[in-house]
Structure formats: structure tokens, C-alpha cells
1. Ala350 to Asp414: FRET efficiency via 1/(1 + (r/R0)^6), r the Cβ-Cβ distance, R0 45 Å, to the nearest 0.05?
2. Is the stretch 41-189 best put as rounded, prolate or oblate by its Cα gyration tensor, with a ≥ b ≥ c the root eigenvalues, rounded for a/c under 1.5, and otherwise prolate when a/b is larger than b/c, oblate when not?
3. Could you calculate the FRET efficiency of Val363 with Glu148 from 1/(1 + (r/R0)^6), where r is the beta carbon distance between them and R0 is 30 Å, rounded to 0.05?
4. Taking the Cα centre of the stretch 104-178 as origin, sum charge times position over the Cβ atoms of Lys and Arg (+1) and Asp and Glu (-1), and report the length of that vector in debye to the nearest 20.
5. So what are the ³J(HN,Hα) numbers for the stretch 117-126, from phi and the Karplus equation (6.51, -1.76, 1.60; θ = phi - 60°), rounded to whole Hz, Gly and Pro as x?
6. Could you point to the residue in Ala240, Pro132, Leu206 farthest towards the positive end of the chain's charge dipole, with +1 and -1 charges on the Cβ of Lys/Arg and Asp/Glu respectively?
7. Would you mind calculating the relative contact order of the chain from Cα pairs under 8 angstrom and at least 6 residues apart, reporting the percent as a whole number?
8. According to the Kirkwood expression over distinct Cα-Cα pairs, how big is the hydrodynamic radius of the stretch 165-208, in Å?
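A short reminder: the numbers here are calculations on the coordinates, not readings from a lab. These figures come from a predicted structure and were not determined experimentally. Please note: Cβ atoms are built from the backbone with ideal geometry, for glycine as well, and neighbour counts cover all protein chains shown.
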Amino acid sequence: MRVFLASIPLEAAKIVIIGGGEPALAKLRLFLDTPAEVLWFAPDGGPDSIETPPTAPTPVPRAPEPCELDGARLVFIALGDLDETRRLVGRARAAGAQVNVVDQPALSDFQTPALIDRDEVVVGVATGGSAPILARDVRTRIEGVLPEGLANVARLARELRETVKASVPDFMARRRFWEKAFRGPAADLAAAGRTAEARREMLRLLNVAAPEQGVVHILGAGPGDPELLTLKALRVLQDADVIIHDRLVPEAVLARARRDAKRLYVGKARGDHSVPQDQIEALMIEEARAGHRVVRLKGGDPFVFGRGGEELEAMRAAGVPVFVVPGVTAALACAASAGVPLTHRDHAQAVTFVTAQAKPGGVEADWTRLAAPNHTLAIYMGVDRAEETAAKLMAAGRAGSTPVAVVENGSRPDERVLTGRLDGLGALVRQSHLTGPTLLFVGETAAFSARSDVRAEAAA
């Protein structure tokens, strides 16, 4: 280890910034929302008011006097005049401060790490000044897997610290308690801002006789491209003990999950429901009650034709802590990949997501509304009923010449995009031998497909 990162309390700490340019402003921004006392000197001239953060102190247009550096804990210097910089370094050290000179490691007592700020939780990445851009890039990667609500978890832990210490006097047992608390529903509840519920769950954990309660995340895997997973989805996947997944979730997404997680396949295909919905819900409840972190992994978004609402109701009825993590739904991903804008000022002032596979005995779709002009339809599960759907739209008034686009395996390496007209939609689907998940788009914007090669293929 070439460098050592230390945690410096900022309560009542005096921080001095010297310089008026962007490098000095970058240092200033680090401390504006902290309890530190910040003094700002700009002997080289202050920035324009539009560049100055509204909460920043007024810059003093000169170098600090020795007495103004007394008691300073940290001094940051960002000046172009090297002789003046050396003079101020000596003055700051004489006052007992640690000094950082921007882009001058040889003159500095310390380097500023790349920081991930979650209020109560701060993560630093340092390279000892040798590669600050690398430190920043590493910080960005780490930041993506840390929940925004992490500070809430730390605040709750601080609040309950003495209670836990009194209830669990043994150090190792207390360590195990905190590990369980930070990896269980209490941490999820706190991160989501549900503080009262989180506090109750942590206090329940203190009762060693209480049965352990797990948690369920109903999670959208997106359309198949693992890079379209949200940052939160990736974090939850990597924390899961049990993953209950659908047919439409590809191996590339499952590969991003924790390797030792138990995987349970409950996929459904047309006419083949390997596990009925009520059994899936019972399985989710059973695994959660066993104390596991359960991820119900669904293609697309769980609340867009994904029966996520039914599963949410079942978990709530069973008293199981449940969270929903949205995913990029297939309509958005397929449209973006195929170059089909869902809305357009000149062609589509509305977009409707509709399923061609309505619940048996359910309400018939309002075809008159769906056939309205200047309107894009994104049709899920529409392959088997493409011809019927086209006929109903045309009977309701949509012109047979309306452009259509058929997107199979949208966002995946084997994606196909086919285009045509509404009156030829049935034939287009039949001739294409579609086997993967497919979205149908109907409307003027379907003609915008960026895939000229597949348009030619469809025409042939």
C-alpha cells in the first residue's frame, strides 16, 4: 500500500480554499454541504457569479494572512503563480495545517481522493496523485452499485448503536448481527426511506428467538441486453440468495447475478405454463419466510404486462416485505433499437402499450380508440393474433397503408426488424418465422425504422 486513506471529522473543522479558478471551485464544492467552516480566498480573481455556487462564501480578493490560517485543518491551493503558491504552503504549514496543492503532488501533504458522497457514508478512491482520472473512473463504477438511500441505513445504525451494544455485548455476535441487518430487509427499508419499518425490523432482529424474515424484490430484467439493466437492478441481483426467473430472462442477465444464488426457473411460453402463477407466488413467499433475499426476475418491466401487480398483492397479503425494481420495458427498448420513435410532433401525439393476449373473459379492447390517427401502438404478445389485430384496427378506421414494424429479440445480438403495412401485417409475421420475443408497432412512426437492410429484407 503506497497511500493511506484517513477519515477526517468535519464538525467544527476549518477548511481554507485559495484560488478563484475552476480547480479551486471543485475543491470548494466538496465542503459546501458539510458542517465545516469554509474560508475562500481568491488573490487571482474570483469566478463569475454565474459559476459560483449559491451557498458558497464570498471570496476574499487577496491571499490569507497568517492569522487567518490559524486553526485550519486543511488548506487547498489552486494558483498559477508557483512562487506565491510556495509562500502560501509555508504559511499554511506554519499554522499547523495539512496542504494540498492542485496538480503539484511534490508540494502537497495529501491528495484528494475521488469521493462517493452518501452523506453518512463516504467512499474514497486514491492513486496517490499518480492517476486522478483513473481514480475518478473507478469511483464512477463503484457509485453505480451503491444505493442513494445508503445514508439512511447508516443513520439508523448510528441511532440504534448503543441499543444493539447493550443487547448484544459479545463483539463477534454483535458483528454477525450487523452483517445480517445490513444484508436484510431492514437495510432495504431504510434505504427506501421507510425508516419506521426499518427500525422495527432491526429491533426484531435483536430478539434472537424471532424467526428470520426474508425480503422479495420484483425486478425488471429489461429486454435482454444486460447493459440495459438499471444500476439498482444490478445491485439487487448481486445480493440475491434466490432468483426465481422467467423464460424471457437470458443467460447474459443471469450471469450478472451472485454466482452462488439458487436459481429457480418458472418460465412460461405460449400454451406451456411450466409453473402456474399461484404456485410461483407461493414459492416466493416460502423462500422469503425461510429468511432469503428473493429476486423475482421478469423480462422487461414487471408492471408492464408482467403480472408484477398480482405478485405484489400476494406478497403484501402474506406480510412479506416486498420492493419493485423497474426495468426497461420491451416497447421502449425495441423502439429505440429499431429507430422507431414512439412519439413525434408531426406524426404521433400519443402512444399506447397494448397486449393482444387479454385475460380469458376479460374486457374487449376499445378498437375505435386504438385505431385513432397520429397514434403509435406498441403491441405485446401479438404474433399469434397479428392478422386478427390488423383486421380489427382497419375495421375501426385505421388505414391499411399505415406503416408497421415487427421487432424480434429487440436489443439482443440476434435482433431482427421487419417493416411493412398494416394490411400486410399477418403475412409479414407468418413469413418471418418468428421464434423470439416480438413487439409489433403500428403507426406512422414505424416507417422511421433505421434498419434499411431489414426493410429491404421485408420487401423481398
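1. 0.90
2. In terms of gyration-tensor shape, prolate.
3. In this case the efficiency is close to 0.15.
4. For this selection, approximately 320 debye.
5. My calculation for the stretch 117-126 gives 9, 10, 6, 6, 10, 10, 10, x, 10, 10 Hz in order.
6. Going by the Cα projections, it comes out as Leu206.
7. 9 percent
8. One over the average 1/r among Cα pairs gives 10.6 Å for the stretch 165-208.
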